[in-house]
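Participant: Shown below is the structure under consideration.
The values are calculated or read from the model by the stated rules, or taken from the named source; none is laboratory data. As the structure is a computational prediction, the values presented were derived from the model and not from experiment. A quick note on method: Cβ atoms are made from the backbone with ideal geometry, for glycine too, and the neighbour counts reach across all protein chains shown.
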Amino acid sequence: MPRSNHCLPGWRRVATLLCGALVLSGAQAQSTLPQKLRIVGGLAGVNQYTRHEAPFWTKDLSRLSGGKFDADIVPFDRAGVPGGDMLRLMQLGVVPFGTAILGTLSAQFPEYGAPDLAGLNPDMASLKKSVAAFRPYLETTLRERHGVEVLAIYVYPAQVVFCKKPLASLADLAGRRIRVSSATQSDFVGALGGVPVLTGFAQIMANMASGNTECAITGSMSGNTLGLQEVSTHIHALPVTWGLALFGANLAAWGALPPDLKILLRRELPLLEAAIWTESERETADGMACNTGASSCSSGRLGRMRQVSISAQDERRRQAIFSATVLPHWLQRCNAHCAAVWNQTIGPVRGVMAPVAQ
């Protein structure tokens, strides 16, 4: 069982926020003050956080519990917690309740990126199938290997391609320098004949302005927020990836919760998860509408980009690249049993089986 009450020296600046699953002193336990959880949430500034995560913990929890329980929440990218360290800090109990972006864990744990490999999920329905197939394995493995109880899985909007030059199909990306944010996106771009350029989100506009990149893969609405619709002319509708995050608890911290609070969270967190998935799908469509100047745009800045629809040729290309390049490269990065895991979870559901070494 992982220890839940020891902070690492290097994390003193966030220790007052993160240490301790519940702010419970002996005196408080006997008082009428609400018991308070400390939560590290997802990415700051996005609708998933501002419209759903933060209100749930800071308002809904108290209302649902009749004032018995309360919570504070901070987004992980403003808490001084590197995304790649989140799972380890949850395992140690430094972060008793936290949100980990699966993509940031892929360098150390490639297998956890399986349900969101580039080119696997061309629409939300496909993504839901992939996640549902992989979820039991993910929950069991995180509990047994890392001492983390998965309580919800969140999704961010689709990651699509913005380009400064005309684009008619995926084939036109050959030879172009394209911003990517992960190894699996690099595999997909490379298979198209493009040149993947790994850069952070904050550097997208500078790289596009300097000519270091001609295209960029990012969220349809987050790209609009950056202003990509002002420097790009075409946007392809294919979701290259999406973006998954897990919300979980250190097992000791979870076990220490009052039974009625655990019942409440088991009932309400699936509803929060469903709302966040609905938000992701809505925001994906709204981002496309705003970038192209459609009248249905509701929350972004109007652009004049041309949307490139997914043609039958693009769909065949996506399937071929996933099977011949993305999946094999992921298997090379993953550990020895990943092919078996894939074939027991996502493979049969999505009709793409991994070769198993004899």
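Participant: Please tell me if residue 13 is under 17 Å from the mean Cα position of the chain (by Cα), in a helix (DSSP H, G or I) and either surrounded by fewer than 17 Cβ atoms within 10 Å (Cβ to Cβ) or at pLDDT 90 or above (or both). I'd like the intermediate steps shown before the answer.
Facilitator: On the way: under 17 Å from the mean Cα position of the chain (by Cα): no; in a helix (DSSP H, G or I): yes; either surrounded by fewer than 17 Cβ atoms within 10 Å (Cβ to Cβ) or at pLDDT 90 or above (or both): yes.
No.
Participant: Residue pairs, Cβ under 7 Å, 6 or more apart or interchain, first in region 56-71 and without any contact (Cβ under 8 Å) to a residue 24 or more places away in the chain, second part of a strand (DSSP E or B). List them.
Facilitator: What qualifies is 57/39; 57/71; 57/73; 58/71; 58/73.
Participant: Still on this structure: Tell me which residues, restricted to region 97-129, are out of contact with any Lys or Arg (no Cβ under 6 Å at 6 or more places or on another chain), small (Gly, Ala, Ser) and under 20 Å from residue 334 (Cα atoms).
Facilitator: Across region 97-129, the qualifying residues are 100, 103, 106, 107, 113, 114, 118.
Participant: Out of 96, 75, report the one residue that is closer than 15 Å to residue 246 by Cα and surrounded by 24 or more Cβ atoms within 10 Å (Cβ to Cβ). Walk me through it before giving the result.
Facilitator: Details: 75 fails: surrounded by 24 or more Cβ atoms within 10 Å (Cβ to Cβ).
Result: 96 is the single residue among 96, 75 that is closer than 15 Å to residue 246 by Cα and surrounded by 24 or more Cβ atoms within 10 Å (Cβ to Cβ).
Participant: Select from region 192-207 the residues that are farther than 20 Å from residue 300 by Cα and assigned to a helix (DSSP H, G or I) and write down the one among them that is modelled with the lowest pLDDT. So that I can check it myself, show each step before the final result.
Facilitator: From region 192-207, those farther than 20 Å from residue 300 by Cα are 192-200, 203, 206-207; that's our starting set.
From what is left, the residues that are assigned to a helix (DSSP H, G or I) are 203, 206-207.
Details: 203: 93, 206: 96, 207: 96.
Of everything passing the filter in region 192-207, 203 is modelled with the lowest pLDDT.
Participant: Out of curiosity, is residue 295 among the hydroxyl-bearing types (Ser, Thr, Tyr), more than 22 Å from residue 187 (Cα to Cα) and without any contact (Cβ under 8 Å) to a residue 60 or more places away in the chain? Full working, then the answer.
Facilitator: On the way: among the hydroxyl-bearing types (Ser, Thr, Tyr): yes; more than 22 Å from residue 187 (Cα to Cα): yes; without any contact (Cβ under 8 Å) to a residue 60 or more places away in the chain: yes.
When the stated conditions are applied, residue 295 passes them.
Participant: Among the residues of region 230-270, count how many are acidic (Asp, Glu) and touching a Phe, Trp or Tyr at 6+ places or on another chain (Cβ under 8 Å).
Facilitator: First pass over region 230-270, keeping only residues acidic (Asp, Glu): 230, 260, 268.
Still in the running and touching a Phe, Trp or Tyr at 6+ places or on another chain (Cβ under 8 Å): 268.
Residues flagged as acidic (Asp, Glu) and touching a Phe, Trp or Tyr at 6+ places or on another chain (Cβ under 8 Å) within region 230-270 amount to 1.
Participant: Could I ask something else about it? Given the structure, is residue 312 assigned by TED's automatic domain parsing to the domain that holds residue 229, exposed (fewer than 13 other Cβ atoms within 10 Å of the Cβ), modelled with pLDDT of 95 or more and hydrophobic (A, V, I, L, M, F, W, C)? Break it down into steps so the answer makes sense when it comes.
Facilitator: Details: assigned by TED's automatic domain parsing to the domain that holds residue 229: yes; exposed (fewer than 13 other Cβ atoms within 10 Å of the Cβ): yes; modelled with pLDDT of 95 or more: yes; hydrophobic (A, V, I, L, M, F, W, C): yes.
The answer is yes for residue 312.
Participant: Across region 224-241, which residue is surrounded by the most Cβ atoms within 10 Å (Cβ to Cβ) among those that are β-branched (Val, Ile, Thr) and over 19 Å from the mean Cα position of the chain (by Cα)? I'd like the intermediate steps shown before the answer.
Facilitator: Restricting attention to region 224-241, the residues satisfying the condition of being β-branched (Val, Ile, Thr) are 225, 231, 233, 235, 240-241.
Of the ones still in play, those that are also over 19 Å from the mean Cα position of the chain (by Cα) are 231, 233, 235.
Details: 231: 15, 233: 15, 235: 25.
Within region 224-241, the match that is surrounded by the most Cβ atoms within 10 Å (Cβ to Cβ) is 235.
Participant: Right, another one. Within region 99-115, take every residue that is of a type in the set (S, T, N, Q) and not in a helix (DSSP H, G or I) and give me the one that is nearest to residue 242 (Cα to Cα). Before you say what the answer is, go through the steps one by one.
Facilitator: Filtering region 99-115 down to residues of a type in the set (S, T, N, Q) leaves 99, 104, 106, 108.
Next, from what is left, pick out any that are not in a helix (DSSP H, G or I): 99, 106, 108.
On the way: 99: 16, 106: 14, 108: 20 Å.
That would be 106.
Participant: Taking region 270-302, which residues are under 23 Å from residue 168 (Cα atoms) and not in a helix (DSSP H, G or I)? Give the steps one after another, and end with the answer.
Facilitator: So in region 270-302, the residues under 23 Å from residue 168 (Cα atoms) come out as 284-294, 302.
Within region 270-302, 293, 294, 302 meet the criteria.
Participant: Looking only at residues in region 151-208 that are more than 22 Å from the chain's Cα centre (by Cα) and among the polar types (S, T, N, Q), which one is nearest to residue 254 (Cα to Cα)?
Facilitator: Here is the first cut: in region 151-208, the residues more than 22 Å from the chain's Cα centre (by Cα) are 163-177, 190-195, 206-208.
Still in the list and also among the polar types (S, T, N, Q): 169, 207.
On the way: 169: 49, 207: 44 Å.
Going through the qualifying residues, I end up with 207.
Participant: Could you tell me whether region 154-171 includes any residue that is assigned to a helix (DSSP H, G or I) and surrounded by 20 or more Cβ atoms within 10 Å (Cβ to Cβ)? Give the derivation first.
Facilitator: So the first thing to find is which residues in region 154-171 are assigned to a helix (DSSP H, G or I), and the list is 170-171.
Then drop every residue that is not surrounded by 20 or more Cβ atoms within 10 Å (Cβ to Cβ), which leaves 170.
Taking every residue of region 154-171 in turn, at least one turns out to be assigned to a helix (DSSP H, G or I) and surrounded by 20 or more Cβ atoms within 10 Å (Cβ to Cβ).
Participant: Now for a different question. From the set of residues in region 342-358 that are out of contact with any Gly (no Cβ under 9 Å at 6 or more places or on another chain), at pLDDT 95 or above and of a type in the set (A, V, I, L, M), which is surrounded by the most Cβ atoms within 10 Å (Cβ to Cβ)? Before you say what the answer is, go through the steps one by one.
Facilitator: Keep residues of region 342-358 that are out of contact with any Gly (no Cβ under 9 Å at 6 or more places or on another chain), which gives 342-352, 355-358.
Next, only the ones that are at pLDDT 95 or above stay: 342-352.
With of a type in the set (A, V, I, L, M) added as a condition, the list becomes 346, 349, 352.
On the way: 346: 25, 349: 13, 352: 17.
Result: 346.
Participant: Any residue that is under 24 Å from residue 219 (Cα atoms) and in a loop (DSSP other than H, G, I, E, B) - is there at least one of those in region 238-245? I'd like the intermediate steps shown before the answer.
Facilitator: Looking only at region 238-245, we keep the residues that are under 24 Å from residue 219 (Cα atoms), and these are 238-245.
Now narrow it down to the ones that are in a loop (DSSP other than H, G, I, E, B): 242-243.
Yes, because at least one residue in region 238-245 is under 24 Å from residue 219 (Cα atoms) and in a loop (DSSP other than H, G, I, E, B).
Let's see how each residue does on (1) free of Cβ contacts under 8 Å to residues at least 60 places away in the same chain; (2) outside any helix (DSSP H, G or I); (3) over 30 Å from residue 165 (Cβ atoms):
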position: 247; (1), (2), (3): no, yes, yes
position: 304; (1), (2), (3): no, yes, no
position: 320; (1), (2), (3): yes, no, no
position: 326; (1), (2), (3): no, no, no
position: 329; (1), (2), (3): no, no, no
position: 355; (1), (2), (3): yes, yes, yes
